[in-house]
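One structure is given below, encoded as structure tokens.
Quick note: the coordinates plus some simple rules give every number you see, no bench work behind them. Worth saying up front: this structure is predicted, and the values here are computed from it rather than measured. Ideal geometry is used to build each Cβ from the backbone, glycine not excepted, and the neighbour counts take in all protein chains shown.
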Protein chains: 2
Amino acid sequence: MAPEVERVAPSTAPRSADVARVAGVSRKTVSRVLNGEPYVSDEARRRVLAAAEELGYRLNHAARALASGRTRSIGVVALGTAGYGTASLLVRIEHAVRDAGYTLRVVNTPDGAPEDIAGAVASLLEQGVDGVVVSEPIVKGDVPLRLDVPALFIGAPPAPSFTANRTLTVGVAAHELARAATEHLLDLGHQTVHHLAGPRQWYATKDRIEGWQAALAARGAHEPPLLNGDWSAASGYAAGRALASDGSVTAVFAAGDEMAIGLIHALREAGRRVPEDISVVGFDGNPVFAYVSPPLTTVRQPFEAAAREGIRLLVHAIEKPGAELPPADEPPVELVVRGSTAPPPSRPGGSVLRTT
Amino acid sequence: MAPEVERVAPSTAPRSADVARVAGVSRKTVSRVLNGEPYVSDEARRRVLAAAEELGYRLNHAARALASGRTRSIGVVALGTAGYGTASLLVRIEHAVRDAGYTLRVVNTPDGAPEDIAGAVASLLEQGVDGVVVSEPIVKGDVPLRLDVPALFIGAPPAPSFTANRTLTVGVAAHELARAATEHLLDLGHQTVHHLAGPRQWYATKDRIEGWQAALAARGAHEPPLLNGDWSAASGYAAGRALASDGSVTAVFAAGDEMAIGLIHALREAGRRVPEDISVVGFDGNPVFAYVSPPLTTVRQPFEAAAREGIRLLVHAIEKPGAELPPADEPPVELVVRGSTAPPPSRPGGSVLRTT
DNA sequence: GTGAAAGCGCTAACAT
DNA sequence: ATGTTAGCGCTTTCAC
């Protein structure tokens, strides 16, 4: 027997060879059992499992990844802001990924700057992820980036400079949701609807603006100037203070629940009643805002559906590179009418004519 | 020259050998440059970097992990609920981990059941993480679990059955925060303070209850029966309905902002004024609740500090296994007094005597 | 300062 | 149904 040279730290952890020895089979058979491959006798399978259990064996994913070229992991580039929307989308994604038998690697981009997104994707690629999901891309100044794994975009199509092995997009119905919110207000009898938008670089912002514009245009309503916020309640509050002095506004659609809350607060502080004088609709569907005064009318983003559907598509693209993709379900559009919206106050003189 | 057999998919991606060839150096030198090791001439370093750039080379982390036995990644077991508290803690952790030069692997446990936590940790270990962080452990029915990497517990000490190579704990000052919230109410003149707690299995729940009890005991105040919620606004609302009919309660400390919001809503619906009749304090510090009526008095969890401090400790334990740990800073305790708290209504008869 | 050789623990391809 | 052999792409050891 050749003298085995002891290595410095002979890593006491059991390896597949140990399992094979204890079970009395070959390493390959152990591998087959652990990967659920066919052509293993029940007897062998049982022995392997017992041996693994007995030894406290834990598979080494790095070795598997190196040998197989796959990691069974999916990377996600998320916005590092703890807003309800992004956070709950991330939780849904994690769940869907885990259900699909993959693990998750997360890289946050603090403010979603394009070069940060590129860097985040590069970092995920080095980690060898089998697929990438970009949850809320930025619209402007995209950085060219190529990847050789499938990529899923949630909520927005990728920038043209983005080239992937395969590119998938699943919507969160932002346009339709914004449109539904605006139409709800118009249906209530408001002459027009103001819009408090998020930061302009966000795709999400753009979609909501366009949905709002579409609803206005369809009714021939006048399009008032945009209000700008940064998703925070504080920015909604600032917008509300500016708006409160303008007696002509009777309805506002805010691009986020928190901005809507800040807006309402400023309006009320200024003596304007909500919803009697001004109606406000939010965007996101955070359930806690059913318990404030007035309960916030909002629109619910179908994160659960988008995450599940998107990951399904992504995993399909990873596992069956050739096959055509199953069609994506359309995400549901859900308007949650609560107490922050009402018909506009009747005009002095009772006129319904537009006062352009 | 021996005939090289072409493999089926010769993976077009450049490897370190390609970089070495282009740079005119050995693979080992490439490795040295990529790892920032000393003993490389500036000239060699420059050529390697240029070659890597030119080829679009990306290091293979799986191979590195296999060879070195380290992944430079940290795994976190998080509660898969999108509450503000847990979500923002996770974001802070991700940031701290990234700043330390590590990558993050996340596994959510939907409801934090002990066996789920054990499974999550096992999954992370298979992935070869260099360290583990358990962000909000459960108190009851712990599953024995051994790990050979350092583990960081945020907000609670590990269960006794938990054995790690090295165990670190960093607090979020929950006890002190709960105590501060309760004392604030007592200082305002309330005879006692009711507590709306979270689910009992949560460590976080336990800490808050104990802090509340400590404050009460220190003042010799009577300890009323506990109210139970599940962190949701809906559960706070339910508790509020039950409480509204009890004329003796004047102050409530809720273990979460959202529960506080639901509670206040129920109280007001029942005709009780907040803060005039009943004062309410929340827990978490979500800034949006500064913009509701009444603005919520709350207590801010030092997530930023806890995450940064905890990861610093964990990385230290990973990289210097022997060394003594630098002492942990005490997390700051921050009470945010807003509008939901006030002195108790004056008693009929003006008596200040306790009506036991 | 640099390089050659020998694995890390697993799966792939091809036996049998 | 199972085993054998040859790597995956990197870092390690140790020689130069």
Given a 10 angstrom Cα cut-off, can you work out which residue in B:Val299, B:Val97, B:Val106 is the most mobile in a GNM of chain B? B:Val106
Can you tell me which of A:Asp130, A:Asp18, A:Asp148 moves the most in a GNM of chain A? Springs connect C-alpha atoms under 10 Å apart. A:Asp18
Bins of 5 Å, beginning at zero and ending with the bin holding the largest distance: percent of Cα pairs per bin for segment B:61-156, please. 2, 13, 24, 26, 18, 10, 5, 1
Roughly how tilted is helix A:257-269, in degrees to the nearest 10 and between 0 and 90, from the longest Cα axis of chain A? 30
Counting only Cα, what are the radius of gyration and maximum Cα-Cα distance Dmax of segment A:174-296, in Å? 12.8, 35
Between copies, how far apart are the A:Gly189 label points? List them in nm, one decimal, shortest first, with each point 7 Å from Cα toward Cβ, please? 4.6
Just to confirm the numbers: A:Asp246, label point 7 angstrom along the Cα-Cβ line, distances to the other copies in nm, shortest first? 4.8
Going toward the positive end of the dipole of chain B, with +1 on Lys and Arg Cβ and -1 on Asp and Glu Cβ, which of B:Pro294, B:Pro343, B:Val106 do you reach last? B:Val106
Mean-square fluctuation check for chain A, GNM, Cα pairs under 10 Å: which of A:Arg47, A:Arg208, A:Arg166 is largest? A:Arg47
As I understand it, the value is the acute angle between the Cα axis of helix A:84-99 and the longest principal axis of the Cα atoms of chain A; what does it come to in degrees, rounded to 10? 30
homo-copy label distances at A:Ala113 (7 angstrom along Cα-Cβ), nm, one dp, ascending, are 4.5
Per the axis that maps chain A onto chain B, nearest residue of A (Cβ criterion) and its distance in Å: A:Ala87, 2
Work out the length of the dipole vector of the protein assembly as shown about its Cα centre, built from +1 on the beta-carbon of each Lys and Arg and -1 on the beta-carbon of each Asp and Glu, and round it to the nearest 20 debye. 860
So B:Ala122 and B:Ala63, fully extended at 0.36 nm per residue minus their Cα-Cα distance, gain in nm 19.1 nm
Could you tell me the ratio Rg/Rh of the protein assembly as shown? Both radii from Cα atoms, Rh via Kirkwood. 1.02
Suppose every K and R has +1 on its Cβ and every D and E has -1 on its Cβ; what is the size of the dipole of segment A:16-59 about the Cα centre, in Debye to the nearest 20? 140
When Lys and Arg each count +1 and Asp and Glu each count -1, what net charge do the other residues less than 13 Å away from A:Arg208, Cβ to Cβ, add up to? -3
Under the rule rounded for a/c under 1.5, else prolate if a/b exceeds b/c, else oblate, using alpha carbon gyration tensor axes a ≥ b ≥ c, segment A:282-342 is classed as prolate
Furthest towards positive pole of dipole, B:Pro160, B:Phe253, B:Ala270, structure part chain B, Cβ charges: B:Pro160
Pair-distance profile P(r), taking every C-alpha pair of chain B, with 10 angstrom steps and integer %: 5, 21, 24, 18, 13, 9, 6, 3, 1, 0, 0
In degrees between 0 and 90, to the nearest 10, how far off the longest principal axis of chain B does helix B:233-244 point, with axes built from Cα atoms? 10
If you take the Cα atoms of segment A:16-59, find Rg, then find the Kirkwood Rh from the mean of 1/r over all pairs, what is Rg/Rh? 0.90
